[in-house]
Structures are given as structure tokens and as C-alpha cells.
Amino acid sequence: MARILLLALLGFSLCFLHRLDGSTILQSADIVSSFPPADANDPILAGGFSPVDPNDPKVVAVGKFVVDQHNKDTKPILEFVKVVTAESQVVARIIYNITIAAKDANLLNNYRALVSVDLIKGGKKLLFFEGPLSKYNDSFSFPPADANDPILAGGFSPVDPNDPKVVAVGKFVVDQHNKDTKPILEFVKVVTAESQVVARIIYNITIAAKDANLLNNYRALVSVDLIKGGKKLLFFEGPL
């Protein structure tokens, strides 16, 4: 009986660590199962996460960044303790800002689109479509990117509108438009195009942090730019 009781107490202690002040740090198994499912409509967060070592210095740095960002804007002030669990996925894609010439019956006009091409899975997604913008015009210039949009702000470089990969993107724009919208367009050519590479790691991370003497768990999503090296706090919740 004593051995059974000891094993029961040991099993219980592996699930929870209790402090004298009554606060709790959940362990890895509990935290992983408590992650809310990613939004299937969100191309960044839908699937693709893999566990990472919570003691990896890069992951610890992300955990400390979460606390620093939280403390800039919110009270109570938190003190970082440790990363409890973490998982990550790489997001790598090319964004095309593209203008095509297409026919609506016998009318030749310009149309503009933003297209995301996944460099890992290879799929394309139409992010934005507008037009007709004007009558056909080979010297059409792009409107400036929105400086508040982390995807579109800066970083674009001109690409050859006759490159087969760019032409394929232009044809994809017309195909996607024709699935949902009338009038039906006929692709003619890519007029102008520019692109930028977006490469980042998204961390789904749970940290332990102190609020005064209370030790609790907090969850965050953090984006780490693999090109420019910056971090961005996308989401924060807690105490859990």
C-alpha cells in the first residue's frame, strides 16, 4: 500500500509543480495539449509546427523577448523564469506585386494583384486583386506599399515580366479571378512585376514568468525574420 501511494504521489508530481504561494507551473505534456488549434484559414499558423528544445539559447532569447515586449505596454511587470515548451515552423515565400494585361471581351485593360508563392510547399495564393485600373499601359507604375504592412512595406525588387515563373504567376491571377468573378478575363501578358522574399520562423511558445511572487504560464506567438533578424510579438495571453 505504501508503494502504491508513493507511486501515485510521484505521478502527480510529474504533472504539476506547486509553489508554496499556491501558483502552478504546468509541465510540457500539459502545455502542448493545451495549445489552441491553429486557424486553418491562416496561411502562417495553419499546421507545420514541430517541437523545439525549450533550452536552446535561440528559443530562450525568444522567451525573454516575449517578456520584454509585454513589459513595455502592460502591467503587471513580469520577470522571465524559463521556457516551458516551444514549437516552431518556417514560413518562406515570395510575394509578387504584379500588373497584368487581360482582355474582357475585346477590351484590353490593366489589373493588379498580390500573389504569395510558398517556397516550401510550392502553392500559390491570390492575396489581392483590383481592376480594371486603366486602359492598357506599358508604363504603369505601382502605388507605394503600405508602410504599416509588415509583408508589403519595402523590400520589393523589379523582376523580368517575361520570366516564365512570373508569367505563370500572371496566368494564375487570371485563373483565380475567373473562378469567382465575372466578367471572364483572358490573360494577355505581364506588364510589370516586382517581388520580395519573406522568410521567418514562427514560434508557438509557453513561458514561465513571475508577477511579483506569483509564478504562472504565459503563451505567445513570435515571428523571427530570417533575413533582417528582427522579432515581432504576434500574440500574447496569460496567465494560463
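Values quoted throughout were computed directly from the atomic coordinates according to the rules given, and no laboratory measurement underlies them. For clarity, every value in this text was computed on a predicted model and none was experimentally measured. Quick reminder, even Gly has a Cβ in these numbers, built from the backbone with ideal geometry, and neighbours come from all protein chains shown.
In this label model, Thr74 and Ile184 are separated by 5.2 nm, measuring between points 7 Å along each Cα→Cβ vector.
Just want the ordering: Phe128, Phe49, from fewest to most Cβ atoms lying within 10 Å of their own Cβ. Intermediate results must be reported in sequence, preceding the final value.
Working: Phe128 12, Phe49 16.
Lowest count first: Phe128, Phe49.
Per residue and in Å³, how big is the convex hull formed by the alpha-carbon atoms of region 175-240? Let's see the in-between values first.
Working: hull volume 10.4 nm³, N = 66.
Convex hull volume per residue, Cα atoms: 158 Å³.
Scalar couplings 3J(HN,Hα) for region 104-111, obtained by applying the Karplus form with A = 6.51, B = -1.76, C = 1.60 to θ = phi - 60°, are 10, 6, 9, 8, 9, 9, 9, 9 Hz; x denotes Gly and Pro. Amide H contacts of Leu226: Ala199, Arg200, Ile201, each under 5 Å away and 5 or more positions distant or on a separate chain (H built 1.01 Å from N in the peptide plane; Pro and chain starts excluded).
Cut-off is 10 Å between beta-carbons; in what order do Leu215, Leu107 appear when sorted fewest neighbours first? Could you put the intermediate results ahead of the total?
Working: Leu215 21, Leu107 12.
With the sparsest Cβ surroundings first, the list reads Leu107, Leu215.
A simple count of charges around Val115, restricted to other residues whose Cβ falls under 12 Å of its Cβ and scoring Lys, Arg +1 and Asp, Glu -1, yields +3.
Listed by chain and number, the lysines whose C-alpha is less than 22 Å from the C-alpha of Lys182, apart from same-chain residues fewer than 8 away, are Lys103, Lys124, Lys125, Lys135, Lys171.
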